[in-house]
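Everything below concerns the one structure shown next.
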Amino acid sequence: MADLSVKYLGLNLKNPVIVGSSNLSTDMEILRRLEKAGAAAIVYKSLFEEQIHLERASLKDSMEEYDERHAEMTKIFPSLEHGGPKEYLFNLKRAKETLTIPLIASLNAIYEESWVEYAQLIAETGVDALELNFYFIPRYFDQDAAAIEKEQVDIFKEINKSVKIPLSVKLSPYYTNPLNFIKKLDEAGVKGFVLFNRMFQPEIDIEREMHISPFNLSQENDHRLSLRFAGMLKGEIKGDICSSTGVYSGKDIVKLILAGANCVQVVSSVYRNKPEYIKTMLEELAGWMDAKKYSKLADFRGKLSNKELKDPFVYKRAQYVDLLLKSSDILKKYPMV
């Protein structure tokens with residue numbers, strides 16, 4: 001029987017399947033089902049500072065809606081202060097008490113001070129690790145890449161000084177050179193990298209001529225970008241590599257570990273196939289290992305990474321070179337008549 005155990009962020013996990021941050025983790029019954037199905041760890045839904053600000057503003061507006069209606073009535077409601085992250089922290093602690101497997105918190109803040117403050121509050125709940133969501137959505141023309149990256153590295157350093165639990169960073173792929181940025185974070189002490197954050201993209205309904213918010217689930221084969229970077233990072237950084245996005249089967253897990261990943265995060269496959277599908281994924285992984293006579297994950301992790309291959313360009317090509325050389329072959333597979 002194959003040994004699926006792995007170490008991630010210094011945590012001993014029974015297998016490489018982690019359930020990524022999502023609304024799934026806010027339901028205690030679903031948490032139990034995920035653990036029973038074989039999840040090795042769970043990332044709790046992110047604490048979004050932006051959401052706290054919006055909720056605080058909404059509460060203020062609703063409490064003051066009928067104020068100052070006439071001279072003798074300045075206020076209807078007593079002054080109340082929004083609870084900030086208190087509800088989130090309460091539910092996070094409750095989730096930690098529900099599980100016997102590691103629980104990883106997730107943080108998405110705005111200002112350096114709040115990054116540090118919220119990280120400290122989260123660490124006090126007893127979670128096993130903290131995942132920091134680093135990304136940048138271009139909004140202004142006068143911010144350069146170096147300044148953006150330096151700010152995020154500095155934020156990590158401040159958090160790392162203020163908490164004792166392991167820290168990972170979940171990145172978007174939209175940096176000028178993700179490899180260079182990951183190397184800087186690795187040198188700063190990041191324990192693990194989650195590749196990659198699935199960013200919301202705007203969509204338009206052309207019949208109603210308005211913006212809509214579609215569900216942001218990944219599709220099968222979306223894991224290929226993470227596979228590329230796992231293959232290039234294996235053996236080049238000290239931090240662990242966790243592949244995310246488009247991980248739908250045990251075969252996908254095999255591919256990503258062959259490339260160099262330590263573990264994977266799954267979300268969309270659980271939404272589409274229910275929590276119990278994790279067991280199927282693990283059975284596929286173990287079955288493949290048994291057939292190949294691998295006793296543990298380390299036996300094949302990184303076997304097809306950039307460092308282990310004779311062809312130095314497998315992970316570095318930007319175009320389908322073979323396809324361009326044999327451009328007529330695709331018409332045999334997809335004839336136009």
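The values are calculated or read from the model by the stated rules, or taken from the named source; none is laboratory data. Model, not experiment: these values are computed from the prediction. All Cβ positions, even for glycine, are placed from backbone atoms using ideal geometry, and neighbour counts span all protein chains on display. SASA here: full protein model, heavy atoms, side chains in, ligands and nucleic acids out. Shrake-Rupley method; radii C 1.70, N 1.55, O 1.52, S 1.80 Å.
Just a few scattered comments:
- For Glu49, the conditions (1) within 25 Å of Tyr88 (Cα to Cα); (2) modelled with pLDDT of 90 or more; (3) in contact with a Ser or Thr (Cβ under 6 Å, 6 or more places away or on another chain) all hold with the exception of (2).
- Meets criteria (at pLDDT 90 or above and polar (S, T, N, Q)) for Ser226: yes
- Output for the stretch 94-128, where each listed residue is part of a loop (DSSP other than H, G, I, E, B) and either within 17 Å of the chain's Cα centre (by Cα) or on the phi > 0 side of the Ramachandran plot (or both): Pro102, Ala109, Gly126, Val127, Asp128
- Check on Lys307, assigned to a helix (DSSP H, G or I), at pLDDT 75 or above and over 30 Å from Asn262 (Cβ atoms): no
- Within the stretch 146-178, the residues that satisfy the criterion of being out of contact with any helix residue (DSSP H, G or I) (no Cβ under 9 Å at 6 or more places or on another chain) and part of a helix (DSSP H, G or I) are Ala146, Ala147, Ile148.
- Residues in the stretch 123-146 that are open to solvent by less than 50 Å² (accessible area, probe 1.4 Å) and at pLDDT below 95: Asn133, Phe134, Ala145.
- Residue satisfying all of: in the stretch 13-35; without any contact (Cβ under 8 Å) to a residue 40 or more places away in the chain and either under 13 Å from Tyr277 (Cα atoms) or more than 14 Å from the chain's Cα centre (by Cα) (or both); least open to solvent (accessible area, probe 1.4 Å) among these: Asp27
- Condition check for Arg272: part of a helix (DSSP H, G or I) and modelled with pLDDT under 95: yes
- Yes/no for Gln120 being open to solvent by 20 Å² or more (accessible area, probe 1.4 Å) and closer than 26 Å to Leu103 by Cα: yes
- Residues in the stretch 215-253 that are of a type in the set (A, V, I, L, M) and without any contact (Cβ under 8 Å) to a residue 40 or more places away in the chain were compared, and the one that is surrounded by the most Cβ atoms within 10 Å (Cβ to Cβ) is Val247.
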